[in-house]
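Engineer: This is the structure, below, for whatever I ask next.
Coordinate-derived values only; no laboratory data. Nothing here was measured: the structure is a model prediction, and the numbers come from that model. Here the Cβ positions follow ideal geometry from the backbone for every residue, glycine too, while neighbour counts run over all protein chains shown.
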Amino acid sequence: MTANKKGRLLVIDDEVQILRLLRHSLETEGYEVHEAKTGLAGLGKVPSLQPDAIILDLSLPDLDGLKVLARLRESSQVPVLILSVRDSEKDITSALDSGADDYLTKPFRERELLSRVRAILRRTQVVGGVAVVRIGDVEVDATARLVRRAGQEVHLTAKEYAMLLLLVQHRGRVVTHRFILRALWGPEAEEDTGYLRAYIIRLRKKLEANPSDPQYLKTEPGIGYRLVEE
């Protein structure tokens, strides 16, 4: 993180009012804020700026935000929060599957924006003071944002990785359905346990030798999940 700051943020958006609002809100909270009004300008700033996170609009004057995200992911795993007026399930799913860490629609509440920014920055910090956490033959490298199983890299979507990292941060403890849903999808998703269950199934298929009898990702019936260190 930037010295004496909570983090260095790059905002890629061409709306002057949004830029003004974001700068005021984020700088008041102690973040260092940089701006770019086009996708190409934003991509050009990333190598030298090395932001801790990016806030990216999808409707840019030169490149669609998804194309900016795709180019960014060719060389960087910096956390990306999409901030867009597009609110269809297709747009949101496409962005998350393309590597976005979170998605927030405009208009937005300032407190929710700040909460989302804090969340994506937390997910990239070293887990429990240790750069690499090993759970059996599963290795989570929080610094490189890589997951390996038996030495082989495992591809996780941004949301799958965020869920795994949340469980790693609380390893050995039961994490409730509500806590996970609130942390990853916001308060409005607190009751959507079926959606959560689908992600747990996907994680087990990628990380467990026997997904139907998981060794690491344990279910606490009616309560939540627990990542067991064995």
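Engineer: What value does region 132-227 have for Rg/Rh, both radii from Cα atoms and Rh as Kirkwood defines it?
Structural biologist: Rg divided by Rh gives 0.94.
Engineer: Let me ask something else. Using modelled amide H (1.01 Å from N, peptide plane; none on Pro or chain starts), what sits under 5 Å from the amide H of residue 224, excluding residues fewer than 5 places away?
Structural biologist: Amide H neighbours of residue 224: 177.
Engineer: Three principal axis extents, largest first, for the C-alpha atoms of region 28-79, in Å?
Structural biologist: Principal-axis extents of the Cα atoms in region 28-79, largest first: 30, 22, 16 Å.
Engineer: Which entries in 90/206; 37/67; 159/206 show an alpha-carbon gap greater than 18 Å?
Structural biologist: In this structure, 90/206 lie more than 18 Å apart at Cα.
Engineer: Once all Cα-Cα distances of region 8-124 are split into 10 Å bins that start at 0, what whole-number percent is in each one?
Structural biologist: Calculated over all Cα pairs of region 8-124, the distribution is 14, 54, 31, 1 percent.
Engineer: Over what distance in Å are the Cα centres of region 40-61 and region 133-203 separated?
Structural biologist: For region 40-61 versus region 133-203, the Cα centre distance is 26 Å.
Engineer: Charges at C-beta only: +1 for Lys and Arg, -1 for Asp and Glu. How large is the resulting dipole of the chain about its Cα centre, in Debye rounded to 20?
Structural biologist: With Lys and Arg at +1 and Asp and Glu at -1, about 460 debye.
Engineer: Per DSSP H run of at least 4 residues, take -39500 (n - 2.57); add these up for the chain, divide by its residues and hand me the 222 nm value, nearest 500 deg cm²/dmol.
Structural biologist: -12500 deg cm²/dmol
Engineer: Additional query: Taking residue 218 as the anchor, which aspartates and glutamates have their alpha carbon closer than 18 Å to its alpha carbon, excluding any fewer than eight residues away along the same chain?
Structural biologist: Cross-link targets: 137, 139, 160, 208, 229, 230.
Engineer: Which option, (i) 14.2; (ii) 13.4; (iii) 12.5, is the value of mean projected area of the Cα convex hull in nm² that was calculated from these coordinates?
Structural biologist: It is the one labelled (iii).
Engineer: Turning to a different aspect of this structure: For the chain, calculate the relative contact order in percent as a whole number, restricting contacts to Cα pairs under 8 Å that are 6 or more residues apart.
Structural biologist: 12
Engineer: For residue 106, go through the aspartates and glutamates and keep the ones whose alpha-carbon is under 17 Å away, minus same-chain ones fewer than eight residues off.
Structural biologist: 13, 14, 15, 57, 64, 87, 89, 91, 188
Engineer: Continuing with this model, one more query. To the nearest 10 degrees, how steep is helix 158-169 against the longest Cα principal axis of the chain, on a 0 to 90 scale?
Structural biologist: Approximately 60 degrees, to the nearest 10.
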